[in-house]
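Q: This is the structure, below, for whatever I ask next.
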Amino acid sequence: MLIIRNATLVDGRTGIDVHTESGRITAIGVELPVPAGAEVIEAEGWLLSPPFVDPHFHMDATLSYGLPRVNQSGTLLEGIGLWGELKAQLTQEVLAERALQYCDWAVAKGLLSIRTHVDVCDDRLLAVEALLHVKKTVAPYLDLQLVAFPQDGVLRSRTALHNLIRALALGVDVVGGIPHFERTMADGAESVKLLCELAAERGLRVDMHCDESDDPLSRHIETLAFHTQRLGLHGRVTGSHLTSMHSMDNYYVSKLLPLIAEAQVHAVANPLINITLQGRHDSYPKRRGMTRVPELMAAGVNVAFGHDCVMDPWYSLGSGDMLEVAQMGLHVAQMTSQAQMRACFDAVTVNAAKVMGLEGYGIAVGNLADLVLLQARDPVEAIRLRANRLVVVRRGAIVARTPSATAALSLPGRAPSVDWTLRR
Ligand code: FE2
């Protein structure tokens, strides 16, 4: 039995005790009696949150930065070409080793659920087999959900559809796609139809890279919302990136937003990657490229933020820190009101959990005892400080600890100042 005493919750409640037993939350309240033999964590008023959730990642490419060379142009298309070169050199062992290393980083950062796309455009399905193995290995401490992702286009690549179906048969969870990378807009629309039908037949979820482009006429999200509605896939479909929406005509967007909301299509923005890859063909003014996050939220769409890439052909930085992702999303979308900053925290926790369809997520009696104690007083401070993860709990057991951040100052002309903590 593990007990966290005197925590602050994301909704602002303070002095809260959370009791856990057999992997579940059993009680939440103020000054609850401590049963004999219980392990107690003194939260000292710090913020207790459900763990971070990354709804969009590429674990088959992660930690490969510089292999076989660095992306010189910094564009999405050179990244895709570079990934093609790297793919030919991969082995299951190397891929699994990098993925496991990333999962360790994730747990240390309180990131306990990740939806990763896995490229199925390789007749060997090497990455699929490696990540299925990783999924099983990490299951005791991290939920990994796999998306069958036809990186080279399900219609554009001759064997992609066959391989995607093989990957689903092997146990990959979600149907992916990349309509804006098909040869024509018509092929892109056809791929959306085909993949949604495939998912509907199998009772699976859909998550497509959709309109990851600065082209204001890339409108596959409209087609995705249409087929979601037609096939009754409400709440089970995600449009990832949606960056073309940044550049679309405002009148068209005013029609599009209610269609997305009506179909209950989730939207995932990837702030670090969108701000890095989009607008590369612009001079000045240079577009930010991220989708219209506050407008989607205001229309009632569930919007989450993903990390997308960490040290791979598309992005040279990153550390599995979803607070960094939230901070970038906040800046790029100019979401600076108190409510909007809190919404950015939700985008990497509860909203992302909805995208993945996680059961038992959140701090409530009966839910899974998955928790992260942050060295911050509230969600906004957590984003501002990219707060320390003091304790990470999975199914009622401590899986990671980070020492409290303090600094001892010795400044000329000033009284000694020691044990300065971030609480001030
Ligand atoms: Fe992606």
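Q: Could you tell me which trypsin sites (Lys or Arg not before Pro) in region 27-108 are loop residues by DSSP with no more than 14 other beta carbons within 10 angstrom of their beta carbon?
A: Here the sparse-neighbourhood loop sites are 69.
Q: Between residue 129 and residue 359, how many nm apart are label points set 7 Å from Cα along the C-beta direction?
A: 3.1 nm
Q: Where does helix 185-202 land angle-wise versus the long Cα axis of the chain, in degrees 0 to 90, nearest 10?
A: The helix 185-202 is inclined about 60 degrees to the chain.
Q: Okay, moving on. When you take every Cα atom in region 146-196, what is the radius of gyration, and what is Dmax, the widest Cα pair distance, in Å?
A: 10.2, 31
Q: Let me ask something additional. What FRET efficiency do you get for residue 137 and residue 250 if R0 is 51 Å and r is their Cβ-Cβ distance, rounded to the nearest 0.05?
A: My answer for the efficiency is 0.60.
Q: Moving to a separate point now. Note down the relative contact order for the chain as a percent, whole number, built from C-alpha pairs under 8 angstrom at least six residues apart.
A: After rounding, I find 19 percent.
Q: Using only Cα atoms, what is the ratio of the radius of gyration of the chain to 2.2 N^0.38 Å?
A: Computed over Cα atoms of the chain, the ratio equals 1.00.
Q: Can you tell me the orientation of helix 126-138 relative to the chain, as the angle in degrees between its alpha-carbon axis and the longest Cα principal axis, to the nearest 10?
A: Rounded to the nearest ten degrees, it is 20.
Q: Ok, one more. Given 251, 209, 278, which one lies farthest toward the positive end of the charge dipole of region 209-363, if we put +1 on the Cβ of every Lys and Arg and -1 on the Cβ of every Asp and Glu?
A: Result: 251.
Q: Work out the charge dipole of region 58-114 with +1 on the Cβ of Lys and Arg and -1 on the Cβ of Asp and Glu about the Cα centre, then indicate which of 64, 77, 99 is farthest towards its positive end.
A: Of the options given, the answer is 77.
Q: About its Cα centre, what dipole magnitude does the chain give when the only charges are +1 on Lys and Arg Cβ and -1 on Asp and Glu Cβ, stated in debye to the nearest 20?
A: That gives a dipole near 500 debye.
Q: Right, another one. Work out the FRET efficiency for residue 31 and residue 100 from their Cβ-Cβ distance, taking R0 = 51 Å, and round it to the nearest 0.05.
A: 0.80
Q: Quantify, in whole percent, the carbon and sulfur part of the accessible surface of the chain (1.4 Å probe; protein heavy atoms only).
A: C and S fraction of accessible area: 53 percent.
Q: Projected onto the charge dipole of the chain (+1 at Lys/Arg Cβ, -1 at Asp/Glu Cβ, origin at the Cα centre), which of 294, 10, 200 gives the Cα projection farthest towards the positive end?
A: 10
Q: Using a probe radius of 1.4 Å on heavy atoms only, what accessible surface per residue do you get for region 52-356? Whole Å² is fine.
A: Accessible surface, normalised per residue, equals 36 Å².
Q: I've got another one for you. Pick out which of 146, 195, 67 has the largest mean-square fluctuation in a Gaussian network model of the chain, springs linking Cα atoms closer than 10 Å.
A: 67
Q: What's the angle, to the nearest 10 degrees (0 to 90), between helix 338-347's Cα axis and the longest principal axis of the chain?
A: Its long axis makes an angle of about 70 degrees.
Q: Over region 83-192, what portion of Cα pair distances is larger than 18 Å, expressed as a whole percent?
A: For region 83-192, the share of Cα pairs beyond 18 Å comes to 51 percent.
The values are calculated or read from the model by the stated rules, or taken from the named source; none is laboratory data. All figures in this text were calculated on a predicted structure; none of them were measured in a lab. Methodologically, a virtual Cβ is constructed for each residue, glycine included, from the backbone with ideal geometry; neighbour enumeration extends over all protein chains shown. Surface accessibility is based on the protein's heavy atoms, side chains included, excluding ligands, DNA and RNA. Shrake-Rupley method; radii C 1.70, N 1.55, O 1.52, S 1.80 Å.
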